[in-house]
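Below is one structure, written out as structure tokens; comments come after it.
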Amino acid sequence: MANYIYKYISFAKFVDMIQKQALTFVLPTIWEDVKENSYLKSWIEKQNKNMSRLYAEILADRTFAQSWTSLAESDAMWRIYSYEKQSLRIKVDADKIKLLNSVIAEPVIYDDRYIDYSNSGLRKDEIFLKLIAQKRTAFSHEQEIRLIYVDVPEKSKLYPAIESMFIASDILNGKPTNIDIEDFGELVKKLSYLNLHHAKISHPISFAHIDSFISGVLVNPFASSWYVNTVKTYCDLNGIPFEGKSKLYEGEKHE
């Protein structure tokens, strides 16, 4: 039996997705929740100001994500992602997510505390992914699956850039030499001009190579009949399975 994940989106974003045959991942720093990156930032700030810290800073600004959910349907999801009662729920087989190039599916951890993984035995890249997929417990109803793409600069490009700014050779060799705070901040700024830091705010992830990537489209339970027909027509034209209008409230009376 297939294991699905779901995403609630507007019709405009759905059309954009189909036309481009791609998912648009964005920097978590531009999401509406201002605390979205607080756990990751806390961890980065605890790192010594050396090559490892610099690399973590760069990764944080070159990591893109998109929110999905393991929850097939709920009153909360339809109301939060209503788009004036015209939202859609797209369904994708979790196995097909594995076919997306360099994308990692990370279940969100809901915890209001900063989780200290320093003695967990996890590698730093594993800690990085866990912290970027942590949210406050107030959002636990979303049962989120976070799709993550890390646009890692090649070391062959990164190292010469640092070397050109006369950083000590022992840092280049990975030794824990500290950098003065002012110098470290200036170095991060300079990297932006080398397209290694703050490169962009979004990144397209193509699914054109995956047959029948979208397994189904369901329409908001409060949508009007004309809108349901419009979505059905568009799905039919693009060979996408149409699941009709949600029956979550069938038999109930709503104002």
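Computed 3J(HN,Hα) for the range 136-142, one whole-Hz value per residue from the Karplus formula 6.51 cos²θ - 1.76 cosθ + 1.60 where θ = phi - 60°, is 5, 5, 4, 9, 5, 5, 7, glycine and proline marked x.
Annotation: for a label point projected 7 angstrom from Cα along Cα→Cβ of residue 33, residues of the range 98-118 with backbone N closer than 18 Å are 105-116.
When the Cα positions of 92, 80, 54 are compared along the charge dipole of the range 1-146, 54 comes out farthest toward the positive end, with charges on each C-beta of Lys, Arg, Asp and Glu.
In this structure, the amide hydrogen of residue 31, modeled 1.01 Å from its nitrogen in the peptide plane, lies closer than 5 angstrom to no residue at least 5 positions away or on a different chain.
What is the extension gain from residue 110 to residue 230, computed as 0.36 nm multiplied by their sequence separation minus the C-alpha to C-alpha distance, in nm to one decimal? Before the final figure, lay out the partial values.
On the way: separation 120, 0.36 × 120 = 43.20 nm, distance 3.73 nm.
Taking 0.36 nm per residue and subtracting the Cα distance, the gain is 39.5 nm.
Which net charge results for the neighbourhood of residue 208, defined as the other residues with beta-carbon distances under 13 angstrom from its beta-carbon, given Lys and Arg at +1 and Asp and Glu at -1? All intermediate terms of the calculation are to be shown ahead of the outcome.
Details: positive: 20, 96; negative: 211.
Combined, the nearby Lys, Arg, Asp and Glu give +1.
Summed over the residues of the range 1-79 and divided among them, the accessible surface reaches 45 Å² per residue at a probe radius of 1.4 Å. Label separation (residue 122 vs residue 101): 2.8 nm, computed from points 7 Å beyond Cα along the C-beta direction. Only the Cβ atoms of Lys and Arg (+1) and of Asp and Glu (-1) were treated as charged; on that basis the dipole of the range 20-153 about its Cα centre amounts to roughly 220 debye.
Of 85/245; 41/124; 96/124; 35/130, which pairs sit farther than 19 Å apart, going by alpha carbon to alpha carbon? Mind showing how you got there, number by number?
On the way: 85/245 11 Å; 41/124 14 Å; 96/124 27 Å; 35/130 15 Å.
Over 19 Å Cα-Cα: 96/124.
The values are calculated or read from the model by the stated rules, or taken from the named source; none is laboratory data. Just so it is clear, the structure is predicted and the values come from calculations on it, not from any experiment. Every residue, glycine as well, gets a Cβ built from its backbone with ideal geometry; the counts of neighbours run over all protein chains shown. With ligands, DNA and RNA removed, areas are computed over all heavy atoms of the protein, side chains included. Shrake-Rupley method; radii C 1.70, N 1.55, O 1.52, S 1.80 Å.
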